[in-house]
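Undergrad: The structure follows.
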Amino acid sequence: MWGYVRLELTRTLRDGGYVIFAVVMPVVMYVIFTNLGLAPGDRHDAAIYVMVSMAAYGALGGAFNNGSGIAEDRATGWLRQLRLTPLTPVQVVTGKVLTGVVGVVPSIAAVLLAGVLVNHVTLPPQRWLAIIVLLWAGTVPFSLLGLGNGYRLSGQTAAVANVATMLTLSIVGGLWIPAETFPSWLRAIADWTPSNSYAGLSWRVAFGDAPTLRQAAILVAWLLVFAAYAMYGYRRAGRRA
Amino acid sequence: MDTDIPDPTGSPAVSLTTTTKSFGPVRAVDGLTLTVPRGQTLALLGPNGAGKSTAIALLLGLIPPDSGQAALFGLAPERAVRRGRVGAMTQEGGLVQRVTVRELLSFVSGTYPAPLPLDEVVALARIGDLLGRRVDRLSGGQAQRVRFAMAVCGDPDLVVLDEPTAALDVEARREFWTGLRGLADQGKTILFSTHYLEEADEQADRIVVLGHGRVIADGTSAEIKRAAALTTVRVTVDGDASWLATLPGVRHMEIRAGRAHLRSGDSDATVMALARAGAVRDLEVVPADLEDAFVALTSTVPATVPATVPATVPATVPATAPTTAPTGKENA
């Protein structure tokens, strides 16, 4: 199975769409946003706040891109070929989830590095550690949603659905523009999105607050929903493959 | 991988028992029974839509049969695949983007318990010049060689190939069969499907002809020709020659340019009768080729051929003894 994860990571890193949308774009947007002063608070606070937002945005891009890959693999017959190797279906799915988990690391690392190198963000080590772990582990629900789409929909449709979902969750979740500036009705929606809860955990930690129970609960609830959805998509795909 | 329990020894490499598979109203495989003993090279021959690919998907465990059973080496197909006993090349796709041939093959090899060394795979599939190439930038024939390499790199006991030469030109096809014969010489069981008659004729120990999802003939190429096709006996005639059609063995007669073309199921009897009648003039006896047999077997017009041809049990391959095909119910 590690051979499978390695092969999939190699493919991901050679995927131009992944590199541009999940790694390069978030860094570019981060540098532009912070230097235009679009975020609230003083300059250093803004650099921290938007750093978390853009790292989360990039991580979402990586997680959903991995899901689109599944639809592509189904279309090309690669998933069928995998069934003719000694790998078990569980190993294949686990390998793909692991690929998603590892595949978001470059997105997060690139933005955090830009925070340090370009915007001179300084945080105590334990806060760095906490936001890295939260940003990383918090991508699992989005990986599962992306995989669900990838299993359930055909190649091109899955890619479109995943990009649309990723952008909607990023914008409505307040990753591009802080949800505090939203009209109240949109703000109310944002509070229930997985993306706002996901970034919210790290926003709070970055500024020295403990994450709220509500944020954690909402993210876990979405995790369960998306896990069920991914399972449903996988079962459906299995019947056709 | 579960390699702990040995598979039932002596069980055939492939065994399909009265398997049936329908797609909507179409019955793609219809009560198919097929046993392939270990070490045999078997060609699954049939026109498009005969059920070859469905039969292969059933025996590989890619799709479950509606009824009946599939087993490889006495195990459920999935278990045999998981143990690394099987390598397969399906008809479409199966290749992956953004990796090199070398990366792809080392991955596939790595999933098998005892794979072949890469240089042996390279020699067998003649892909030495392709190792550094990206899989998604290969020509059709090159991609086909890489698929073949994927099927054999794990050193499986059974190699299943669905129309392996479909995208190959004549030269590439010849090289491909050279590689495959190398495998057969190592004692591998090989099952391939094709609609090229001469491939089945030249490459296989045994040919199974499928039509409408059933076995319609089963034997060596010589046996199939004998069972299915009619030898052509030609003599020069003048005057009314219609009596020739009543000679023993003659099933069909045509007169072209003063020559009677008699299609005979028993050419010896036909020739003897011609001799007795003193009608032997410029006699020619042309044995059937596999092409004729194939056309005869898969033809849906029952007038020119016996409606059913018994599936012969090849005496030279005793292990196929239980092969019985439901040949008595042609629905034409």
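Undergrad: Any chance you could look up the accessible area of A:LEU224 with a 1.4 Å probe, heavy atoms only, rounded to 10 Å²?
TA: Accessible area, nearest 10 Å²: 110 Å².
Undergrad: For region B:86-134, report the accessible area per residue in Å² (1.4 Å probe, heavy atoms, rounded to an integer).
TA: 38
Undergrad: Please give the residues from region B:44-91 for which the solvent-accessible area of heavy atoms, probe 1.4 Å, is smaller by at least 30 Å² with all protein chains in place than with the chain isolated.
TA: With the partner chains in place, region B:44-91 has these residues losing at least 30 Å²: B:LEU62, B:VAL81, B:ARG82, B:ALA88, B:THR90.
Undergrad: Where does each of A:SER68, B:SER67 land when they are ordered by accessible area, with a 1.4 Å probe and the largest first?
TA: So, going from the largest accessible area down, we get B:SER67, A:SER68.
Undergrad: While we're looking at this one, here's another question. How high is the FRET efficiency from B:THR178 to B:ASP129, r the C-beta distance, R0 22 Å, rounded to 0.05?
TA: 0.85
Undergrad: Quantify how strongly other chains surround peptide B:108-115 by giving the mean number of their Cβ atoms within 10 Å of each of its Cβ atoms.
TA: Mean partner shielding for this stretch: 4.
Undergrad: Can you tell me which aspartates and glutamates have their Cα less than 17 Å from the Cα of B:LYS225? Leave out same-chain residues fewer than eight positions away.
TA: B:LYS225 reaches B:GLU198, B:GLU199, B:ASP201, B:GLU202, B:ASP205, B:ASP266, B:ASP268, B:ASP289, B:GLU291, B:ASP292.
Undergrad: How much area per residue is accessible in region A:86-241 when the probe is 1.4 Å and only protein heavy atoms are counted (Å²)?
TA: Averaged over the residues of region A:86-241, the accessible area is 47 Å².
Undergrad: First compute the accessible area of chain A with a 1.4 Å probe, then give the percent of it belonging to carbon and sulfur atoms.
TA: 72
Undergrad: Now for a separate question. Listed highest first by mean packing, meaning other Cβ atoms within 10 Å per residue, what order do A:98-104, A:188-194 come in?
TA: A:98-104, A:188-194
Undergrad: Express the accessible area of region B:180-241 per residue in Å², computed with a 1.4 Å probe while the remaining protein chains stay in the model.
TA: 35
Undergrad: Let me ask you something else. Which value in Å is the Kirkwood Rh of the protein assembly as shown over different Cα pairs?
TA: About 27.6 Å for the protein assembly as shown.
Undergrad: Under 37 °C and 0.692 mPa s, how fast does chain A diffuse according to Stokes-Einstein, given a Kirkwood radius computed over C-alpha pairs? Answer in µm²/s, whole number.
TA: The estimated diffusion coefficient comes to 181 µm²/s.
Undergrad: Which value in deg cm²/dmol, rounded to the nearest 500, describes the helix-derived mean residue ellipticity at 222 nm for chain A, given -39,500 (n - 2.57) per DSSP H run of n ≥ 4 and division by the residue count?
TA: Roughly -25000 deg cm²/dmol at 222 nm, from the helical runs in chain A.
Undergrad: Give me the summed buried accessible area for the B-A pair, 1.4 Å probe, to the nearest 100 Å².
TA: Between B and A, the summed buried area is about 2300 Å².
Undergrad: Same structure, new question: How big is the charge dipole of the protein assembly as shown about its Cα centre, in debye rounded to the nearest 20, if each Lys and Arg gets +1 on its Cβ and each Asp and Glu gets -1 on its Cβ?
TA: With only Lys, Arg, Asp and Glu charged at Cβ, the dipole is about 1240 debye.
The values are calculated or read from the model by the stated rules, or taken from the named source; none is laboratory data. Values in this document were obtained by computation on a predicted structure and should not be read as measured data. Don't worry about glycine lacking a Cβ; one is built from the backbone with ideal geometry, like all the others, and counts go over all protein chains shown. SASA here: full protein model, heavy atoms, side chains in, ligands and nucleic acids out. Shrake-Rupley method; radii C 1.70, N 1.55, O 1.52, S 1.80 Å.
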